Amino acid sequence: MQEILYLVIPCYNEQEVLHETEKQLTMKINSMIDRGLISNQSKIVFVNDGSKDRTWDIIQQLHDQNPLVQGINLSRNKGHQNALLAGLMTVKEHADMVISLDADLQDDIDAIDRFVEKYYEGNDVVYGVRSVRKTDTFFKKFTAQGFYKVMKGLGVDIVYNHADYRLMSKRALDELEHFKEVNLFLRGIVPLIGFQSAVVPYERHERFAGESKYPLKKMLSFAMDGITSFSVKPIRMVTAAGVLIFSISILMLIYFLVLHLLHHTVAGWTTIVISVWAIGGLQLLATGIIGEYIGKIYMETKERPKFIVERYLK
Ligand code: UDP
Ligand code: MG
């Protein structure tokens with residue numbers, strides 16, 4: 001039996017690329033249907049994320065001309081991650097598997113065949129991973145790789161060099177729905193879902209038209225979001241600094257007391273120096289401890305599912 005594949009494509013001000021993207025994806029889907037890889041019920045779904053240009057008009061027009069094309073229009077711009085989630089949650093009832101990709105086709109669409117193969121091999125999640133970053137600038141490469149390293153260092157389980165090009169099965173999407181957080185960082189959440197997964201390497205191309213919707217400022221805030229949504233380690237670092245400084249202050253206390261007793265210091269100096277260190281250290285320590293609790297509350301408020309059953313044999 002051939003299963004139904006949906007492609008979900010978030011679009012923000014993408015009028016320059018939509019026609020070409022639709023043409024290439026239609027060819028891809030049709031060839032896969034012809035080869036009997038996927039069902040002829042498969043669809044291409046464009047999600048308009050509150051674009052300010054003609055994006056939605058074009059999507060409507062494509063929908064009229066092409067039976068493969070569907071459109072979802074969001075009430076306003078909500079950002080890439082939310083647009084993606086909106087698409088995934090809207091189509092999951094009708095699909096067996098869903099692949100998310102960008103409108104600019106920077107992600108090699110020939111990888112789609114391999115995604116689907118991996119799905120048929122029993123994987124619920126297939127991650128597209130960039131094998132080379134030839135077309136990225138040195139700066140983008142450097143910041144992106146630094147980001148993955150920092151995330152790993154902070155104990156967040158993310159797939160190296162994987163962006164949002166991935167396949168998810170219907171049941172993985174059903175589980176994704178149970179992650180209630182508002183600060184959405186899908187790359188961090190999907191590995192938390194678990195299930196059997198696979199990786200498909202692909203080459204990343206250049207945007208063929210239009211410009212990146214992720215300028216440096218957005219990129220940084222996205223990275224910051226990713227870190228603070230998954231890790232309370234930054235709070236732990238404050239606590240650690242507090243412990244360190246407070247310990248130093250105790251050593252200082254002993255040292256200055258000895259100096260003081262030997263009458264090597266100006267009157268009043270010892271008290272001031274010791275209080276500066278001790279109070280500073282104590283304050284950091286206290287902030288860290290309060291932060292620990294806030295971190296706990298923060299994680300609780302996410303109401304993430306505590307477990308996901310993979311199979312129930314009865
Ligand atoms: N996008 C979106 N909403 C936004 C910003 C971007 O839906 O607020 C979409 C955009 O149309 C594209 C994808 O997210 O399909 C990735 O954006 P882009 O290609 O500009 O990012 P880059 O590849 O430069 O990281
Ligand atoms: Mg892009």
>> Filter Lys92/Lys118; Lys23/Lys118; Lys233/Lys302; Lys118/Lys140; Lys28/Lys302 down to the pairs with a C-alpha to C-alpha distance above 28 Å, please.
In response: Lys118/Lys140; Lys28/Lys302
>> Give me, ordered by chain and number, the residues 5 or more places off Asn73 or on other chains with an amide H under 5 Å from its own placed amide H.
In response: Asn48
> Just from its helices, what would the mean residue ellipticity at 222 nm be for the chain, if runs of 4 or more DSSP H residues each count -39500 (n - 2.57) and the sum is divided by every residue, rounded to the nearest 500 deg cm²/dmol?
Replying inline: -16500 deg cm²/dmol
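Give me the orientation-averaged projected area of the Cα convex hull of the stretch 95-175, in nm², one decimal. Please report the intermediate quantities before stating the final value.
Working: hull surface 25.6 nm².
Computing the convex hull of the Cα atoms and averaging its projections yields 6.4 nm².
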> So which residue, out of Val238, Val200, Val98, gets the largest mean-square fluctuation from a GNM of the chain using Cα contacts under 10 Å as springs?
Replying inline: Val238
>> Can you order the peptides 31-37, 113-119 by their average number of other Cβ atoms within 10 Å per residue, highest first?
In response: 113-119, 31-37
> Going by how many other beta carbons lie within 10 Å of each one, how would you line up Arg204, Arg187, Arg76, fewest first?
Replying inline: Arg76, Arg204, Arg187
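To the nearest µm²/s, what D does Stokes-Einstein give for the stretch 220-314 at 37 °C and 0.692 mPa s, using the Kirkwood radius over alpha carbon pairs as Rh? Spell out each step's value before the answer.
Details: Rh = 16.7 Å.
Translational diffusion coefficient: 197 µm²/s.
In square nanometres, what is the average projected area of the Cα convex hull of the stretch 202-270? Write down the numbers at each step before the final one.
On the way: hull surface 39.1 nm².
Result: 9.8 nm².
What is the order of His263, His162, His205, fewest Cβ neighbours within 10 Å to most? Intermediate values should be presented prior to the final figure.
Numbers: His263 7, His162 18, His205 14.
In increasing order of surrounding Cβ atoms, one gets His263, His205, His162.
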> So which helices of the chain fit the span-like rule, where a helix is a whole DSSP H run, its Cα atoms reach 18 Å or more along the axis, and its mean Kyte-Doolittle is at least -0.5?
Replying inline: 138-153, 216-230, 233-261, 269-301
> Which order, highest average first, do 272-285, 166-179 follow once you tally other Cβ atoms within 10 Å for each residue and take the mean per peptide?
Replying inline: 166-179, 272-285
> What Rg and what Dmax come out for the stretch 1-112 when only alpha-carbon atoms are used, in angstroms?
Replying inline: 13.1, 42
> When the chain is fully extended, how far beyond the present Cα-Cα distance does Gln196 get from Trp269, taking 0.36 nm per residue of separation?
Replying inline: 19.8 nm
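So for the stretch 67-212, what are the equivalent ellipsoid semi-axes in whole Å, largest first, each being the square root of 5 times an eigenvalue of the Cα gyration tensor? Provide the component values of the computation, followed by the final result.
Working: eigenvalues 102, 71, 61 Å².
Computed over the stretch 67-212, the values are 23, 19, 18 Å.
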> Taking the DSSP beta bridges in the chain as the whole, what percent of them are antiparallel, to the nearest 5?
Replying inline: 30
> Using the per-residue mean of other Cβ atoms lying within 10 Å as a proxy for protection, in what order, highest first, do the peptides 139-147, 103-111, 59-67 fall?
Replying inline: 103-111, 59-67, 139-147
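Considering every Cα-Cα pair within the chain, what fraction, in whole percent, is farther apart than 34 Å?
Working: 17545 of 49141 pairs.
When every Cα pair of the chain is considered, 36 percent fall beyond 34 Å.
We did not get these values from a lab; they are worked out from the coordinates using the rules stated. On a predicted model such as this, the values are computed, not experimentally measured, just so you know. Positions of Cβ are backbone-derived with ideal geometry, glycine not excepted, and every protein chain shown enters the neighbour counts.
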